[in-house]
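Comments concern the structure below.
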Amino acid sequence: MTAATPSKQLRRHEWLTLLQRAAVSRRGTVGLSLAGFVVLVAVVGAIWTPDSPTAFLYEPLQKPSVQVLLGGDYLGRDVLSRVLAGGWVLLVMAVAATVIGVSLGAFQGIEAAYLGGRTDTMIMRGMDVFLAFPAIVLALLIVGTVGPKLWLIVLAVGLGHVPQVARVMRATALDIAERDYVKAVELQGVKPTRIITGEILPNLVSPLMVELGLRLTYSIVVIAGLSFLGFGQQPPAPSWGNMISENRIGLQTNPWAVVVPAALIALLAIGTNLFADAVARAAIGADREVEQAFVRTEAAKASQ
Amino acid sequence: MIARAGTRRRAYVRAHPIASLVAGRTGQGIITLLLVSLVVFAATQLLPGNAARAILGFSATPQRIHALELELGLYRGWWSQYWGWLSGLPVGRLGTSLANSEPVWRLVEPRLLNSAVLVVVSGLTGCVLGIALGAVAALRHGSLLDNSMTVGALAVLAVPEFVVAIGVVILFSTVVFHLFPGVSLLTPGENILQAPRLLVLPALSLVIVTIPYVYRMTRAATLEALESPYVEMARLKGVPRWRVLVQHALPNALPPTIQVVGLTFLRLAGGIVLVEEVFDFPGIGQGLVNAVTDRDIPVIQFIVIALAAFYVVVNITTDVLALLCSPRRRIPA
């Protein structure tokens, strides 16, 4: 038994090795430093800001100067302080939505693949129904009826990931569920839940990591978008998405109030996407195969 | 006689796998749409407490709440409410908007047209450019051009649509240049075809987010086609390079390309929501955001179901077209 399955030590470290390999690749390094910079800004801002992010200190849309580095926003609040304070909630929400979406989706996909038959059909048909909603539309539907609560947005964005993650994980798990070592454990009478967690899941570490990276990028994009639309933290709380939309009227006078939060969101998303791609490359290998995996993931959004 | 007709009919279906596949896909699509409508309806039932009070707010008089309850049919059972809504969809009886008490269809119809124009213009432009760039990159696989375009695509692909749109506003309409209007305000009764200048920047933003996506999908599909056994065989036979491309690789690259175009349009259905909001473009994306802000449930329901129906229809169309274009898949499994 111990000879047939890889040692616990090796399994536990597979994800770490993957992250390490991704981090030392060129794309990985660039991605990690971009995302790392933005995370640093958000974390610093969560602890310390030069001024109160909600106090009215200057003229509305005051131009930047040596004393007021990024100028004032449309109500005369300090843009620098608002930029610093406006990121950490987005990060927390994105991570939470990703974890919810990927774990639920992986569970559904693996369950469908392993149990097969009618369960499989039922689960995947259900997923098809939710695929018909673009992520942001699903979130808007839920937020529009219940109201813009932060936990609800996290849940809605997480649920939006579930069908796509389930499809990808099901496709990978189908192959593993047929392997001899799974059959062997089955014949010993081990319960399905134990087989899923003990035999199938450890073999899905790489695709799970790739999904986590991809979904994190999507979570950031959707949550920042919702916040831009006004469905996120409510004013006067600062958030990057919110700042972009409220300071648009002052684009001519003080563009920094829009440019800086927009750039931070863009850098964060680019960074996580590059790193996710580096993880995919570390897990899968050749360029052609990574690209085909991308096509498969995308195709999972459509057609039965 | 009846029995013979039955067998002949079955033989006909077997002889035309495409017909049966199309019928199957359409049937699946209709079932999906029905389930989608149930989800949309169920979501609007999530409204906590009394829906009428939640919509009108706490300052509303009991008379107004009562009137709204009657209008929304809150006294009926959920099944009757659902059926009332569903049966009205195909005939355009969509109820009245809660925000400005106009019929939903009259509010949404011009928006549907404007959004359709925006999606078609930007989708087609983005697809043509993305397919061309992707094919070039695949033909020069591993070159500096390929590598830099691929990394560029990876970066742009991650940037949220609304950030791209804001960037476009900054570049072309406010801070740097003043070439095109940054706000697409139409006079009432006018549609976007009558004011094409207003279409430029929203369409440009959507094209920018579309190109890297199409590029990446096309590049992968072309790489796969170029490395396939039949292309290798043709090359080994000494067929000229251009003929290998046109006669062998291209027909087999057609189905995946159709799929790419379909997926692009599906992506745009979500993308228009944010881009329309940035430009105040009078389409259904902005309509949805406004309706969500006002909690105008009949409008939300209709726009969401329209977007989902768009998804199902595009999906079936792409599947069928891809099927018609690939000789291999015409043989029933």
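The values are calculated or read from the model by the stated rules, or taken from the named source; none is laboratory data. Being a predicted model, the structure only gives us computed values, none of them experimental. Note: ideal-geometry Cβ built from the backbone for every residue, glycine included; neighbour counts use all protein chains shown.
For the subset of the range B:183-219 comprising residues that are small (G, A, S) and more than 22 Å from the chain's Cα centre (by Cα), which member is surrounded by the most Cβ atoms within 10 Å (Cβ to Cβ)? Write out each step before concluding.
At the first step, the residues of the range B:183-219 found to be small (G, A, S) are B:184, B:189, B:195, B:203, B:205.
Next, only the ones that are more than 22 Å from the chain's Cα centre (by Cα) stay: B:189, B:195.
Details: B:G189: 7, B:A195: 14.
The qualifying residue surrounded by the most Cβ atoms within 10 Å (Cβ to Cβ) is B:A195.
Evaluating B:S101 against the criteria (1) among the small types (G, A, S); (2) assigned to a loop (DSSP other than H, G, I, E, B); (3) touching a helix residue (DSSP H, G or I) at 6+ places or on another chain (Cβ under 7 Å) leaves one unmet condition, (3). Output the number of the condition that B:L47 fails; it satisfies all remaining conditions of (1) modelled with pLDDT under 80; (2) over 22 Å from A:L138 (Cα atoms); (3) surrounded by 11 or more Cβ atoms within 10 Å (Cβ to Cβ); (4) not small (G, A, S). Single failed check for B:L47: (2). Taking the criterion of being under 30 Å from B:H178 (Cα atoms) and crowded, with 24+ Cβ neighbours inside 10 Å, the residues of the range A:230-241 that qualify are A:P238, A:S239, A:W240, A:G241.
Taking the range B:206-323 and the helices (runs of 4 or more DSSP H) fully enclosed by it, the elements with 1 or more residues that are more than 30 Å from B:F41 (Cβ to Cβ) and more than 9 Å from chain A (Cβ to nearest Cβ) are at B:229-237, B:250-279.
All of A:A94, A:A113 fail the test of being at pLDDT 95 or above and assigned to a helix (DSSP H, G or I), apart from A:A94.
Tell me the residue from A:L216, A:L204 that is part of a helix (DSSP H, G or I), under 23 Å from the mean Cα position of the chain (by Cα) and modelled with pLDDT of 95 or more, please. It would help to see each step written out before you state the result.
Working: A:L204 fails: modelled with pLDDT of 95 or more.
Among A:L216, A:L204, only A:L216 is part of a helix (DSSP H, G or I), under 23 Å from the mean Cα position of the chain (by Cα) and modelled with pLDDT of 95 or more.
For the range B:154-176, the candidate set comprises residues that are at the interface with another protein chain (Cβ under 7 Å from one of its Cβ atoms), part of a loop (DSSP other than H, G, I, E, B) and not aliphatic (A, V, I, L, M); within that set, the residue that is surrounded by the most Cβ atoms within 10 Å (Cβ to Cβ) is B:P160.
Right, A:T172: more than 12 Å from every other protein chain (Cβ to nearest Cβ), under 16 Å from the mean Cα position of the chain (by Cα), touching a residue at least 24 places away in the same chain (Cβ under 8 Å) and part of a helix (DSSP H, G or I) or not?
Values: more than 12 Å from every other protein chain (Cβ to nearest Cβ): yes; under 16 Å from the mean Cα position of the chain (by Cα): no; touching a residue at least 24 places away in the same chain (Cβ under 8 Å): yes; part of a helix (DSSP H, G or I): yes.
No, not satisfied.
Here B:G123 qualifies as more than 14 Å from chain A (Cβ to nearest Cβ) and surrounded by 18 or more Cβ atoms within 10 Å (Cβ to Cβ). For first residues located in the range B:136-153 and more than 12 Å from B:R219 (Cα to Cα), partners that are of a type in the set (D, E, K, R) and lie 6+ apart or on another chain with Cβ distances below 8 Å form the pairs B:V151/A:R27. Residues that are under 19 Å from B:I131 (Cα atoms) and either at pLDDT 90 or above or touching a helix residue (DSSP H, G or I) at 6+ places or on another chain (Cβ under 6 Å) (or both): does the range B:228-241 have at least one? For the range B:228-241, residues under 19 Å from B:I131 (Cα atoms) and either at pLDDT 90 or above or touching a helix residue (DSSP H, G or I) at 6+ places or on another chain (Cβ under 6 Å) (or both): absent. Taking first residues from the range B:310-321 that are more than 9 Å from A:A132 (Cβ to Cβ) and partners that are of a type in the set (S, T, Y) and surrounded by fewer than 19 Cβ atoms within 10 Å (Cβ to Cβ), the Cβ contacts under 6 Å between residues at least 6 apart in sequence or on separate chains come to B:D319/A:S303. The range A:228-304 holds helices (runs of 4 or more DSSP H) entirely within its bounds, and those carrying 3 or more residues that are facing chain B (nearest Cβ under 7 Å) and over 30 Å from B:R295 (Cβ atoms) map to A:256-284, A:287-299. Answer with yes or no whether A:V165 is over 17 Å from A:L104 (Cα atoms) and either in a helix (DSSP H, G or I) or not charged (D, E, K, R) (or both). No, not satisfied.
Can you pull out the residues in the range A:112-147 that are among the acidic types (D, E) and more than 8 Å from chain B (Cβ to nearest Cβ)? Spell out how you get there, then give the answer.
So the first thing to find is which residues in the range A:112-147 are among the acidic types (D, E), and the list is A:120, A:128.
A:D120, the sole residue that qualifies.
State whether the residues of the range B:84-92 include one that is in contact with an Asp or Glu (Cβ under 7 Å, 6 or more places away or on another chain) and in the same structural domain as B:L38 (by TED's automatic domain parsing). Step through it out loud before you land on a result.
From the range B:84-92, those in contact with an Asp or Glu (Cβ under 7 Å, 6 or more places away or on another chain) are none; that's our starting set.
Scanning the range B:84-92 turns up no residue that is in contact with an Asp or Glu (Cβ under 7 Å, 6 or more places away or on another chain) and in the same structural domain as B:L38 (by TED's automatic domain parsing).
Could you check the range A:148-161 and list, in sequence order, the residues that are within 13 Å of chain B (Cβ to nearest Cβ) and either buried (at least 21 other Cβ atoms within 10 Å of the Cβ) or on the phi > 0 side of the Ramachandran plot (or both)?
Scanning the range A:148-161 gives A:I153, A:A156, A:V157, A:G160.
One residue stands out in the range A:21-69 among those that are part of a loop (DSSP other than H, G, I, E, B) and aromatic (F, W, Y): the one that is surrounded by the fewest Cβ atoms within 10 Å (Cβ to Cβ), namely A:W48. Is at least one residue of the range B:2-17 loosely packed, with under 13 Cβ neighbours inside 10 Å, hydroxyl-bearing (S, T, Y) and modelled with pLDDT under 70? Yes, the range B:2-17 has at least one match.
Against the test of being over 21 Å from the mean Cα position of the chain (by Cα), crowded, with 18+ Cβ neighbours inside 10 Å and at pLDDT below 90, the options B:L68, B:L107, B:L74, B:L86 yield a single qualifying residue, B:L68.
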